[in-house]
Amino acid sequence: MSAGQAISPELREWLVAQLAAGHSVPSLRAAMQTSGWRDDAIDLALQGIEGQAVVVPAAEPPPAEPSTAGLPGPDLSNSPLYIDAGDRRVQVLQTMRHPRVIVFGDLLSDEECEGLIAAARQRLARSLTVETQTGGEALNVDRTSDGMFFERGENAIVTRLEQRIAVLLKWPIEFGEGLQVLRYAPGAQYRPHYDYFDPGEPGTPTILRRGGQRVATLVMYLQEPGQGGGTTFPDVGLEVAPKRGTGVFFSYDKPDPTTRTLHGGAPVLSGEKWVATKWLREREFI
Ligand code: PD2
Ligand code: ZN
């Protein structure tokens, strides 16, 4: 090494990179001295480098939004205000991309809401949730509502609604679970959870035999409480008001928290909240 050694562009680049990586000018000077550089050559090499030391690394591109291709849901590419769901023109009130959430207005008539409640009322029992340890069902303290399931196509209102949902969400009727109806009394809630089945739980393979994973949820409000009872998405600070006839739809392309589909039913503060939930599977649900 000698004082006459040329300061090549590569050396300059290397020095800038070292500074950017957090090495100090004195530490670089010491390293160059150890390598046999003379002080005047070091001065020359470091000239002007200090000023440009802060090389800001290129910002990470934002994570790509998950694709909704191959999932249930309407085509929103032209930002429609209404969607023709066959027998009804449904409003698009609000949309979010990640998580994919759509709030639909005028999804059900008052008569349909009342008809579903009347048919469900006598069959209510304290809600069970799928027990992922075993694949069976169990009482769950996270869910303090009462509920029941209709069979697919069980009565005229259920059949009509299932047909409408299939058109609206472009997903075959056969891929849907039977409609679930829930009643929340004052104080009742559904603590935040994911609707997909946790792949890490031992009971999940048994559950998946009936139609694969859940890929989307539609919660429809049949009766609004006096206060409280919104559907919350804690990861994104969203709360959907439980307005009768309205529905909140969300989809998830994988059974994973990165979908940001953590959601819950906030405690009902007064009155009674009734909802109907339709879960959609990857394949025919049998
Ligand atoms: O009733 C709700 O708002 C609610 C919230 C979270 C319903 C469900 N999940 C569900 O039925 O999965
Ligand atoms: Zn849920």
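Annotations for the structure displayed:
- Among residues of the range 169-181, those that are outside any strand (DSSP E or B) and either within 16 Å of ligand 1 (Cβ to nearest atom) or crowded, with 19+ Cβ neighbours inside 10 Å (or both), counted: 6
- Options GLU154, GLU162; residue that is more than 22 Å from the chain's Cα centre (by Cα), among the acidic types (Asp, Glu) and surrounded by 18 or more Cβ atoms within 10 Å (Cβ to Cβ): GLU162
- For LEU71, the stated conditions do not hold, so it cannot be described as open to solvent by 90 Å² or more (accessible area, probe 1.4 Å), hydrophobic (A, V, I, L, M, F, W, C) and either part of a helix (DSSP H, G or I) or at pLDDT 70 or above (or both).
- Residues in the range 217-231 that are in contact with a Gly (Cβ under 7 Å, 6 or more places away or on another chain) and under 15 Å from PHE175 (Cβ atoms): LEU218 only.
- Among the candidates VAL236, VAL268, VAL248, VAL219, residue that is more than 10 Å from ligand 1 (Cβ to nearest atom) and at pLDDT 95 or above: VAL236
- Residue match in the range 204-214 (condition: assigned to a strand (DSSP E or B) and touching an Asp or Glu at 6+ places or on another chain (Cβ under 8 Å)): yes
- Residue check, THR204 open to solvent by less than 10 Å² (accessible area, probe 1.4 Å), away from ligand 1 (no atom under 11 Å from the Cβ) and either closer than 18 Å to GLY187 by Cα or among the polar types (S, T, N, Q) (or both): yes
- For the range 207-216, a residue qualifies if it is within 15 Å of ligand 1 (Cβ to nearest atom) and either touching a His at 6+ places or on another chain (Cβ under 6 Å) or open to solvent by less than 10 Å² (accessible area, probe 1.4 Å) (or both), and exactly one does: ALA216.
- Of the residues making up the range 158-189, those that are within 16 Å of ligand 2 (Cβ to nearest atom), within 19 Å of ARG121 (Cβ to Cβ) and not β-branched (Val, Ile, Thr) are GLY178, LEU179, GLN180, LEU182, ARG183, TYR184, ALA188.
- Tabulated pairs, the range 182-197, first over 17 Å from PRO99 (Cβ atoms) and in a loop (DSSP other than H, G, I, E, B), second near ligand 1 (Cβ under 9 Å from one of its atoms) and among the aliphatic types (A, V, I, L, M), C-beta under 8 angstrom, 6+ apart or interchain: GLN189/ALA266
The values are calculated or read from the model by the stated rules, or taken from the named source; none is laboratory data. Quantities reported herein were computed from a predicted structural model and do not represent experimental measurements. All Cβ positions, glycine included, derive from the backbone under ideal geometry; neighbour counts span all protein chains shown. Protein only, heavy atoms only, side chains kept; ligands, DNA and RNA dropped before computing areas. Shrake-Rupley method; radii C 1.70, N 1.55, O 1.52, S 1.80 Å.
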